[in-house]
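One structure is given below, encoded as structure tokens.
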Amino acid sequence: MKYLKAVTISCLFVLTSLSFAMGIEDDPILTKVMGAIELRSTDGANPRAWDIEAWMGQDLNKFWVKTRGEKVAGKTEKSELQLLYSKAITPFWDLQFGVKEDLQPKPKRNWGVIAAKGLAPYLLEVDASLFVGESGRLGVRLDAEYEYMFSQKLILSPEVEINAFSKDDELTGTGKGLSSVEAGLRLRYEVTREFAPYIGINWEKKYGNTANFSIAEGEDIEDAQIVVGMRFWF
């Protein structure tokens, strides 16, 4: 947590300095919070998942906070927190760097983060991250999402997430190479632009040593779920 606090203070200092340098009136500091919370239906206890992001900053420079995780039967099984500084390098792409802390599962793991976030051709939203951890551990995550608009309010979102690691970490159940793939299809209805309930399906599969670690713990390596959730921003 010391690393997270240090980066937070540094990012806020950078944003404050930029505000005075660029002129707050010409480029005001803005904020936004966005994310989704959902209930996933499975054979056992139904997981509750969240994926929430918030940023504060100006047009070209922002400070991001990202949190995501999953609870099962009241117990947090997966949880992470990212603190990032974001710099716009093109009209559609931001370069981000900072830190990430995996809070669950135990033991905690700290990572440095370098990421690219933006809009790829064909309006594909991409978030690609490189994680640099202790003892030479590396992790890669690729998130991609597309929005197909049936109307101004009814929107279908296919999305996929791929995770891979350079080394085994048996204590947290992650193996080297391709670790997991998660894909989903969510249909949302925007009651307002800021509030959109949705339904969909979510599929996840573990691979390689990550799958082997799960099998050793008596866990499933593949799961398909029906999801009900809410997407929001303000």
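The values are calculated or read from the model by the stated rules, or taken from the named source; none is laboratory data. Note that the structure is a prediction, hence the values are computed from the model and not measured. Cβ sites come from the backbone with ideal geometry, for glycine too, and all protein chains shown count toward neighbours. Side chains included, ligands, DNA and RNA excluded: accessible areas come from the protein's heavy atoms. Shrake-Rupley method; radii C 1.70, N 1.55, O 1.52, S 1.80 Å.
Give the number of residues within the stretch 96-118 that are in contact with a strand residue (DSSP E or B) (Cβ under 9 Å, 6 or more places away or on another chain), touching a residue at least 40 places away in the same chain (Cβ under 8 Å) and farther than 13 Å from S86 by Cβ.
Just the residues of the stretch 96-118 that are in contact with a strand residue (DSSP E or B) (Cβ under 9 Å, 6 or more places away or on another chain), to begin with: 96-105, 108-118.
Now restrict to residues that are touching a residue at least 40 places away in the same chain (Cβ under 8 Å): 98-99, 101-102, 105, 109-110.
Imposing the further condition that a residue be farther than 13 Å from S86 by Cβ reduces the set to 99, 101-102, 105, 109-110.
Looking only at that region, the number is 6.
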Against the definition (touching a Gly at 6+ places or on another chain (Cβ under 8 Å), surrounded by fewer than 16 Cβ atoms within 10 Å (Cβ to Cβ) and basic (K, R)), how does K167 come out, yes or no? yes
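Please find, within the stretch 194-219, the residue that is surrounded by the most Cβ atoms within 10 Å (Cβ to Cβ) out of those that are touching a residue at least 24 places away in the same chain (Cβ under 8 Å) and charged (D, E, K, R).
In the first step, residues of the stretch 194-219 are kept if they are touching a residue at least 24 places away in the same chain (Cβ under 8 Å); the result is 194-202, 204-214, 217.
Filter once more, keeping what is charged (D, E, K, R): 194, 204-206, 217.
Working: E194: 11, E204: 17, K205: 16, K206: 25, E217: 8.
That would be K206.
May I ask you to list the residues in the stretch 164-190 that are within 15 Å of N209 (Cα to Cα), touching an Asp or Glu at 6+ places or on another chain (Cβ under 8 Å) and either of a type in the set (S, T, Y) or free of Cβ contacts under 8 Å to residues at least 40 places away in the same chain (or both)? Spell out the reasoning first.
Applying the first criterion (within 15 Å of N209 (Cα to Cα)) to the stretch 164-190 yields 164-181.
Cutting the leftovers down to touching an Asp or Glu at 6+ places or on another chain (Cβ under 8 Å) gives us 172-176, 180-181.
Correct list: T172, T174, G175, K176, S180, V181.
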Filter the stretch 119-132 for residues that are farther than 15 Å from F97 by Cβ and open to solvent by less than 70 Å² (accessible area, probe 1.4 Å); which is nearest to the chain's Cα centre (by Cα)? V126
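So that you can scan it fast, the table gives a plain yes or no per residue for (1) within 22 Å of K100 (Cα to Cα); (2) open to solvent by 50 Å² or more (accessible area, probe 1.4 Å); (3) assigned to a loop (DSSP other than H, G, I, E, B):
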| site | (1), (2), (3) |
| --- | --- |
| V33 | yes, no, no |
| R40 | no, no, no |
| D43 | no, yes, yes |
| D51 | yes, yes, no |
| A54 | yes, no, no |
| F63 | yes, no, no |
| G69 | yes, no, no |
Could you list all residues from the stretch 71-94 that are within 22 Å of I29 (Cβ to Cβ) and crowded, with 16+ Cβ neighbours inside 10 Å? Q82, L83, L84, Y85, S86, A88, D94
Residue tally, condition over 21 Å from K206 (Cβ atoms) and in contact (Cβ under 8 Å) with a residue 24 or more places away in the chain, over the stretch 129-157: 11
Identify the single condition in (1) charged (D, E, K, R); (2) at pLDDT 95 or above; (3) in a helix (DSSP H, G or I) that K5 does not satisfy, given that it satisfies every other one. (2)
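Output the number of residues of the stretch 178-193 satisfying the condition of being at pLDDT 95 or above and open to solvent by 30 Å² or more (accessible area, probe 1.4 Å). Spell out the reasoning first.
In the first step, residues of the stretch 178-193 are kept if they are at pLDDT 95 or above; the result is 178-192.
Retained after the next criterion (residues that are open to solvent by 30 Å² or more (accessible area, probe 1.4 Å)): 178, 182-183, 185, 187, 189, 191-192.
The qualifying residues number 8.
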Filter the stretch 95-118 for residues that are farther than 20 Å from D51 by Cβ and open to solvent by less than 70 Å² (accessible area, probe 1.4 Å); the one that is farthest from the chain's Cα centre (by Cα) is P107
Please work out if E222 is open to solvent by less than 60 Å² (accessible area, probe 1.4 Å), closer than 23 Å to P158 by Cβ and not small (G, A, S). no
